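The values are calculated or read from the model by the stated rules, or taken from the named source; none is laboratory data. Predicted model, so just to flag it, every value in this text is computed and none were measured. A quick note on method: Cβ atoms are made from the backbone with ideal geometry, for glycine too, and the neighbour counts reach across all protein chains shown.
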Amino acid sequence: MKPVSASMSSRQHQFEALVRGHSTDLYRYAYWLCGQDALAQDLVQDTFLRAWRALDKLREVGAVKAWLITILRREHARLFERKAMPSDDIDDLDLPDPQATPERRTEESALRQAIAKLDPKYREPLVLQVLGGFTCAEIAEQLGLGEAAVMTQLFRARQKLKGQLGFEDQTAEVSEL
Amino acid sequence: MNCLEFRRRLGSEPASKMGAFVAHREECVHCAGAQYRADEFEGRIHRAISVAAPLNLADRILLAQTTETRHSARNQRRGWIAFSIAAAASIVVAFVAVQRPSPNMPALAGMVFEHLQEHVVSAVDSDMAIPKQSVIEAFAERGINLASVPDGINYVHKCPAGPYETVHMIMPEHGVAVSVVYVVDKSSAHRTDFSHDGLRGREIPLGKGSLVMWATASADFDAIESSWKSVMGESIALEPGSVPVVSGSRGVLSGSSVYRAALAAP
């Protein structure tokens, strides 16, 4: 396929780099947000199409991941406005890593189930932190919350996961302090 | 930072690069151990959260984007074509609108204007005065008896204007040819001045009909209007088939007993 024009070509290359660099993490974030594989793919595609149209507005290359996640969250919110999304489909989660050992698969599966059972207010900041590498302050900005509230949610998210999986050590340690 | 603060930060942001957090870990063996266990657990969470993305997801997104770009370029071209057609249509509509009588022009004057556009004799070509008897006869054939005829009529003809019957005349006034059309069977509501397509016009109710004048901007309608009001004030309707005769320059009726009713002056 030929580029539409010479000036489009460099823009196209920039966009391709964005897609190839961020589509996987964006899909994972979308998946944990909506809990459905097909819907997550649609969300990611819509996010990138919207990003393509607004690519000229992107000034800070370092903030591109946060920018894409903001777009995706808005797309997801629009989807919610149009129809009520089932939130319990994420319980059916089973996307094993084909390279993992059977033991690890079992452990990952249990942890995924535990993450899926988390209340969205705990799950979303956790996914943002783990996938995006964002600080509490950055997550607070993304979600429109206070930093202290985000820290509490993240702390409780980890406590709940450990509680579900039988890892009580750190919670106990903190409680003892 | 003390141990409690460190553990709270560890529980919420294990990968924190905060100076105080890193410094406490360096100096507290217990907290360094807690960090080690936390990192191990973080690794598990990361693996669990990192669900496998569909194969070729990036390629599919890029395909969707290039397809959308091409569609949008095509739609833009179509938009241009539609815009060009709309612009051309607007020009045609504007041209037609310019050719049509302007909104403030009375409908009757518009009909006269359209008749003038189609008329085979141009006002500027008629520069010789015609016999007044010809005017008398033209009006008589339209059922109107003129007691006299204004001076300086260069042309007369019985013409239609839309559905109405008229007597079409040309009268030069101060060197400007004025088309004067008396519409026999349609009376105007009131006196109106108007302009259209570079011409000035006037329509006045006169007798049982209307007098419509069209000329270039400098024409003196007042003089013509005055002369026709004077003439029509002396006019009366004819018995069908009768033709009056003019005597002298202003014209005197003969056989006035054959006329039935006087035409009312406006």
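Counting only residues that are more than 14 Å from chain B (Cβ to nearest Cβ) and hydrophobic (A, V, I, L, M, F, W, C), region A:52-67 holds 6 of them. Suppose we filter region B:19-78 for residues that are more than 11 Å from chain A (Cβ to nearest Cβ), among the charged types (D, E, K, R) and closer than 24 Å to B:E5 by Cα; how many remain? Total satisfying the criteria: 4. Can you name every residue in region B:15-40 that is out of contact with any Lys or Arg (no Cβ under 7 Å at 6 or more places or on another chain), in a helix (DSSP H, G or I) and surrounded by 14 or more Cβ atoms within 10 Å (Cβ to Cβ)? Within region B:15-40, B:H24, B:R25, B:R37, B:A38 meet the criteria. For region B:19-26, the criterion of a residue being within 23 Å of A:K162 (Cα to Cα) and at pLDDT 85 or above is satisfied by at least one position. A:L55 passes every criterion in (1) surrounded by fewer than 19 Cβ atoms within 10 Å (Cβ to Cβ); (2) modelled with pLDDT of 85 or more; (3) touching a Phe, Trp or Tyr at 6+ places or on another chain (Cβ under 7 Å) apart from (2). Based on what the data block shows, is B:A147 under 14 Å from B:W228 (Cβ atoms), modelled with pLDDT under 85 and among the hydrophobic types (A, V, I, L, M, F, W, C)? Considered against the rule, which asks whether it is under 14 Å from B:W228 (Cβ atoms), modelled with pLDDT under 85 and among the hydrophobic types (A, V, I, L, M, F, W, C), B:A147 comes out as yes. State which residue is nearest to B:S230 (Cα to Cα) when the search covers only region B:150-185 and only residues that are assigned to a loop (DSSP other than H, G, I, E, B) and among the small types (G, A, S). The extreme case among them is B:G152. Against the conditions (1) at pLDDT below 75; (2) surrounded by fewer than 15 Cβ atoms within 10 Å (Cβ to Cβ), A:R74 satisfies every one except (1).
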